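Before any comments, here is the structure.
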Amino acid sequence: MEYRRSQKIYSQGDPATSVMYIQRGGVKLSVVNEVGKEAVLAILGPGDFFGEGIIADQSVRMGTTTAITPTTVLVIEKNEMIRMLHAEHALSDRFLSYMLARNIRIEEDLTDQLFNSSEKRLARTLLLLARYGKEDQPQKILPKVSQEMLAEMIGTTRSRVSFFMNKFRKLGFIRYNGGIQVHNSLLTAVLHE
């Protein structure tokens, strides 16, 4: 399936029928509470799965997914995914590794939210979006991510994000050039705070 930027892939509460695999582009995973406040849980990219709760008999989508850039997604119906996980050992190994890594990331995100300042959470989020540690060559220019979305991801206000982004820019940790460019030096700032 092909999705254009800002197009919803599925919405919170929709019936869950398939697992999806991002071939190209990026996806925002978010949830909305009963009063309409949105929280961004993850930004996913090529090679990431989402909607995997269906494998554990999740009947409805727990969040909303939206394409953040033009995105190509492979849609795998539940029965086909289960069949492939049993028959294709390489896929099964990759899926299991992905799910374990995602679980570790969720635990790290929770720890970050509980114990770190919003400045440190923002720095960590920028590094994660740039895929530091995930690829041989980190993606230095981030996908189109607004300060509002960053605020939703780290649990603070857009004005706080703006303040810290300007601070990071003045310190040479990031640069704006048609997108956000993240420098390796930001990692040092996160580790030494």
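The values are calculated or read from the model by the stated rules, or taken from the named source; none is laboratory data. The model shown is predicted, which means the values in this text are computed figures rather than measured ones. A quick note on method: Cβ atoms are made from the backbone with ideal geometry, for glycine too, and the neighbour counts reach across all protein chains shown. For accessibility, only protein heavy atoms count, side chains too; no ligands or nucleic acids. Shrake-Rupley method; radii C 1.70, N 1.55, O 1.52, S 1.80 Å.
Annotations for the structure displayed:
- Counting only protein heavy atoms and using a 1.4 Å probe, the accessible area of His89 comes to about 130 Å².
- Full-extension gain in nm, Glu2 to Ala101, via 0.36 nm per residue minus C-alpha separation: 33.0 nm
- For segment 156-180 versus segment 58-108, the spacing of their alpha-carbon centroids is 32 Å.
- FRET efficiency, Glu34 to Leu110 (Cβ-Cβ, R0 25 Å, nearest 0.05): 0.70
- Solvent-accessible area of Lys37 with every protein chain in place, 1.4 Å probe, in Å² to the nearest 10: 140 Å²
- Non-local Lys pairs in segment 1-155, i.e. 8 or more apart or on different chains, that have alpha carbons under 22 Å apart: 15
- Residues Arg4, Arg124, sorted by accessible area with the largest first, give Arg4, Arg124 [1.4 Å probe; ligands and nucleic acids excluded].
- Local net charge near Thr71, Cβ-Cβ under 13 Å (Lys/Arg +1, Asp/Glu -1): +4
- Heavy-atom accessible area ranking, 1.4 Å probe, most first, across Tyr132, Tyr176: Tyr176, Tyr132
- At least 24 Å along the helix axis (C-alpha) and Kyte average at least 1.6, DSSP helices within the chain: none
- With only Cα atoms counted, segment 44-171 has Rg and Dmax values of 17.1, 53 Å.
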